[in-house]
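Engineer: Quick one: the structure is below, and I'll ask about it shortly.
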Amino acid sequence: MIEISRVSRVVKGGRRIRFRILVVIGDQKGRVGYGVAKANEIAVGVKKAVNHAQKHLISVPIVNDTIPYQVTQEHGSAKIMLKPASLGTSIVAGGVVRVVAELAGIKNLVAKVIGTANKINNVKAIFVALSSFDPEKVERIKKRIPKINKTVTSEPVETKEVISTLVTGRAGGRPRKLAGQAKTEKAKAPKNTAEVPTESVGKKEEKK
C-alpha cells in the first residue's frame, strides 16, 4: 500500500468524503502491477485496488539483478530516470521507486525522480519506464552479459594443514614448541643410566 488519501465531492446535500487508495503488488520475480481505487471504507478500497493491480500486471526484464539498460520516461509532470547498477550497489532511490523496484525483484538500481512529488503520477511514470524495454535489445544484452554465479564453492582443507596453521601461525610452516612444553623439557635433566655388568659385581663379593 503506497498511499491512502481522503477525497471529497460536493453535492446538493453537502460534501461526500471517500478514500482513494494506491496499491502496488509484485512477486519479486519480474511481475509487478499497481491499482488505484476509491471507496467509502478503506478495506473495500484496498480490495478493489488489489484486484485492479492483479489484472494489470507487467513483466520486467531483469539481467543480473538489475535492469538491462538506462531508460528515461515521462507521465504528465513526472519524469523518471532508471539506470542499471553493478552487483552490491543496492537500490539507490527513495519513495515509490524503491517500493516498486523491490516488489519487481530488482536488487541493484539507480533512479532519479524529476518534477512532481505526486505519488500516483510517479508510479505511473515508473511503470511506463519499466514497460518501455525493447525485447530484442534485452535478448542481445542477455546473450552478451554472462550470468553471475552466486554459489560459493569452498575447497576442503586437510586436517594437517589446519593444525600446522594453528600452531605455527602460518600455513605450511614447521610447528613451533609451545611455551609450557619448552619449560618442561628444560626442567628435565638427563639421567646417568649406565648399567654395571653382573660379572664385576660377583668378583667384588668374592674378594670380601
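Engineer: By count of other Cβ within 10 Å, fewest leading, how are PHE127, PHE19 ordered?
Structural biologist: PHE19, PHE127
Engineer: Beyond 25 Å, what share of the Cα-Cα pairs of the stretch 3-144 remains, rounded to the nearest whole percent?
Structural biologist: Roughly 32 percent, rounded to a whole number.
Engineer: Here is a follow-up. How high is the relative contact order of the stretch 3-144, given as a whole-number percent (alpha carbon pairs under 8 Å, six or more residues apart)?
Structural biologist: The normalised contact order for the stretch 3-144 reaches 21 percent.
Engineer: Expected output is a single nm value to one decimal: the length gained when fully extending between VAL92 and GLU136, i.e. 0.36 nm times separation in residues minus the C-alpha distance. What is it?
Structural biologist: That pair, VAL92 and GLU136, stretches by 13.1 nm at full extension.
Engineer: So which of LYS55/LYS79; LYS48/LYS83; LYS83/LYS143; LYS38/LYS83; LYS38/LYS112; LYS29/LYS55 end up more than 22 Å apart, counting from Cα to Cα?
Structural biologist: Those over the limit are LYS55/LYS79; LYS48/LYS83; LYS38/LYS83; LYS38/LYS112.
Engineer: Could I ask something else about it? Would you mind ranking LEU22, LEU87, LEU109 by Cβ crowding within 10 Å, fewest neighbours first?
Structural biologist: The fewest-first ordering by Cβ neighbours comes to LEU87, LEU22, LEU109.
Engineer: I'd like the distance between the alpha-carbon centres of the stretch 53-119 and the stretch 1-22, rounded to an integer number of Å.
Structural biologist: That distance is 29 Å.
Engineer: Taking just the alpha carbons, could you work out the radius of gyration and Dmax for the stretch 1-55, both in angstroms?
Structural biologist: In Å, with Rg to one decimal and Dmax whole: 13.3, 49.
Engineer: Right, here's the next one. Among LEU130, LEU103, which comes first, second and so on when ranked by fewest other beta-carbon atoms within 10 Å?
Structural biologist: Ordered by Cβ neighbours within 10 Å, fewest first: LEU103, LEU130.
Here, each number is a calculation from the coordinates, and none is a lab measurement. Everything numeric in this text was worked out from a predicted model, so none of it was measured. A quick note on method: Cβ atoms are made from the backbone with ideal geometry, for glycine too, and the neighbour counts reach across all protein chains shown.
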